[in-house]
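**Q** Handing you this structure, nothing more for now.
Bear in mind that the values in this text are calculations on the coordinates, not laboratory data. In this text, all values refer to a predicted model and were calculated from it rather than measured experimentally. As a convention, Cβ positions derive from the backbone with ideal geometry for all residues, glycine included, and neighbour counts pool all protein chains shown.
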Protein chains: 2
Amino acid sequence: MEIKIQKKVLQVNETEAEKSRKFFRQKNVFVLNMMSSPGSGKTETLCKTLTKLMPGVRVGVIVGDICTTNDADRLVKTGARVTQINTDQFGGDCHLSASLVLDSAEKLGCDDLDLLIVENIGNLVCPAEFDIGEDSRAVVLSVTEGEDKPLKYPLMFRVADVAILNKIDLLPYLDVDRDLAVGNMQKVHPRMPVFEMSAKTEEGYEPWLDWLKLKVFEKTGKGL
Amino acid sequence: MEIKIQKKVLQVNETEAEKSRKFFRQKNVFVLNMMSSPGSGKTETLCKTLTKLMPGVRVGVIVGDICTTNDADRLVKTGARVTQINTDQFGGDCHLSASLVLDSAEKLGCDDLDLLIVENIGNLVCPAEFDIGEDSRAVVLSVTEGEDKPLKYPLMFRVADVAILNKIDLLPYLDVDRDLAVGNMQKVHPRMPVFEMSAKTEEGYEPWLDWLKLKVFEKTGKGL
């Protein structure tokens, strides 16, 4: 029964996602859906990314959380336009839906944006199933989570277009094999670009920024 | 619509959970539901816990994952009886349901067990909503996930009876405030016992083992 009604929910979301995609095309804005487990460092990665991209690329952010505006409070300090979705008023939803994102994007305003980043709810399972009308999906994996996560949560890594292996500054203190982590991601998703980075030390940011700028430019003709 | 059908799913699960609870009472086994984000160290914590508890306490484990038998392969080396549930055959479910757990418990056999530990799927959201007929719930939070997670995922910390703050060996390399992490857990769930531990260095295990042995004894009269 669960599977049947899950399918129904996904169908409804699919229709909404098409509406969102059309809206984002009209606004000529590139939309990135950023997903990961709780605490992988999405927000810190975004703070650094925004600081490095702006003002050359004009960025807006929609942040999803069940509760609190902690992440939005951090992101707004970069100077980006930020809005927070809290899903506790929608039953504490474990993912962002296309209609929630579209509502927020309309409120945020997209006319003067080149790039809209959606920081999804920290969850390595459910957000992978919900198309939000994005152009690309990025998954962030912290090295502290262990090398086997791509094999245990394959859907997330299969639907992602790009991956960030984060917190590499902690590798000396962990029994984690960095190459195996990357290898497992590419086992699940062959030829997916994986950027090995540290949001803290800012190691490894350039290739990620280049990838993102190229994607924005390919869709919108802006920002390069 | 999502909230309405979610409620229906939860109602069906509630009925199943009552069946499970009755089964576990008949078998006189204490059932612990262990939950956390992916990569918080549940399996390593369990490996150490089992080694320290057995043979005085007879332990069985049900491990939930979407894919792979990695965790079961690790746990079986402790000598415990272990069974793995993979939810990829059930639509890649993001949580264990009461009926899945009961099926597995019957297959595993509970007649000669004092303690059954269910390692739930790595997800800080959905498993908190699904009663599996357990006696107690433990949540594991890795210090690498940051202090604010209890505030951002309050339901999980509200339904938990006990918490483990794990990987404290990594604190010297992180900008994380250990006391604030504990404080945030107890803000969401006042007076919840929080054990600060490292599965790697085995620091802080005794109070956790004492808590667990007491709980098993209180229900079953066994294991102390």
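**Q** Residue by residue through A:135-146, how many Cβ atoms from other chains fall within 10 Å of the Cβ on average?
**A** If you average over the peptide's residues, the count of other-chain Cβ atoms is 3.
**Q** Lysines within cross-link reach of B:Lys152: Cα-Cα under 17 Å, excluding same-chain residues under 8 positions apart?
**A** Within reach: A:Lys42, B:Lys187.
**Q** Using the Cα centre as the reference, give the magnitude of the dipole from point charges on the C-beta atoms of segment A:2-220 (Lys, Arg: +1; Asp, Glu: -1; all else neutral), rounded to the nearest 20 debye.
**A** In debye, rounded to 20, segment A:2-220 gives about 480.
**Q** Then there's this: Using the 7 Å Cα-to-Cβ label point, sort the distances from B:Pro193 to its equivalents in the other copies shortest first and give them in nm to one decimal.
**A** Once sorted, the set of distances for B:Pro193 reads 5.0 nm.
**Q** Now for a separate question. Which value in deg cm²/dmol, rounded to the nearest 500, describes the helix-derived mean residue ellipticity at 222 nm for chain A, given -39,500 (n - 2.57) per DSSP H run of n ≥ 4 and division by the residue count? Spell out each step's value before the answer.
**A** On the way: 8 runs with 92 residues, N = 224.
For chain A, the value works out to -12500 deg cm²/dmol.
**Q** Going through the cross-link list A:Lys8/A:Lys77; A:Lys149/A:Lys213; B:Lys77/B:Lys213; A:Lys107/B:Lys149; A:Lys7/A:Lys213; A:Lys167/B:Lys8, which pairs have a Cα-Cα distance over 30 Å in this structure?
**A** Working: A:Lys8/A:Lys77 40 Å; A:Lys149/A:Lys213 28 Å; B:Lys77/B:Lys213 21 Å; A:Lys107/B:Lys149 27 Å; A:Lys7/A:Lys213 35 Å; A:Lys167/B:Lys8 40 Å.
From the list (A:Lys8/A:Lys77; A:Lys149/A:Lys213; B:Lys77/B:Lys213; A:Lys107/B:Lys149; A:Lys7/A:Lys213; A:Lys167/B:Lys8), the Cα-Cα distance tops 30 Å for A:Lys8/A:Lys77; A:Lys7/A:Lys213; A:Lys167/B:Lys8.
**Q** Taking Cα centroids, how far is segment A:46-86 from segment A:88-156 in Å?
**A** Here the two parts' Cα centres lie 14 Å apart.
**Q** Label position 7 Å from Cα toward Cβ: report the copy-to-copy distances for B:Lys7 in nm, one decimal, ordered from shortest.
**A** 2.5
**Q** Please work out the Cα convex hull volume for the protein assembly as shown and give it in Å³ per residue.
**A** Convex hull of Cα atoms, per residue: 128 Å³.
**Q** Which one, A:Gly183, A:Leu102, A:Val140, is farthest towards the positive end of the dipole of the protein assembly as shown when Lys and Arg carry +1 and Asp and Glu -1 on their Cβ?
**A** A:Leu102
**Q** Moving on to the next point. Assigning unit charges at the beta carbon (Lys, Arg +1; Asp, Glu -1) and nothing else, what dipole magnitude in debye, to the nearest 20, does segment B:150-224 show about its Cα centre?
**A** 440
**Q** Got the relative contact order for chain A handy, in percent, Cα pairs under 8 Å and 6 or more residues apart?
**A** 25
**Q** Compare the Cα positions of B:Cys47, B:Leu115, A:Gly92 along the charge dipole of the protein assembly as shown (+1 at Cβ of Lys, Arg; -1 at Cβ of Asp, Glu; about the Cα centre) and return the one farthest towards the positive end.
**A** A:Gly92
**Q** On to the next question. Would you calculate the convex hull of the Cα atoms in chain A and tell me its volume per residue in Å³?
**A** 119
**Q** Taking each label point as 7 Å beyond Cα in the direction of the beta carbon, state the distances from B:Tyr173 to the same residue in the other copies, shortest first, in nm.
**A** 0.6
**Q** To the nearest 20 Debye, how big is the dipole of the protein assembly as shown about its Cα centre, given +1 on the beta carbon of each Lys and Arg and -1 on that of each Asp and Glu?
**A** The calculation lands at about 620 debye.
**Q** Across peptide B:188-196, what mean number of C-beta atoms from other chains lies inside 10 Å of a residue's C-beta?
**A** Taking the mean over all residues of the peptide, I get 0.
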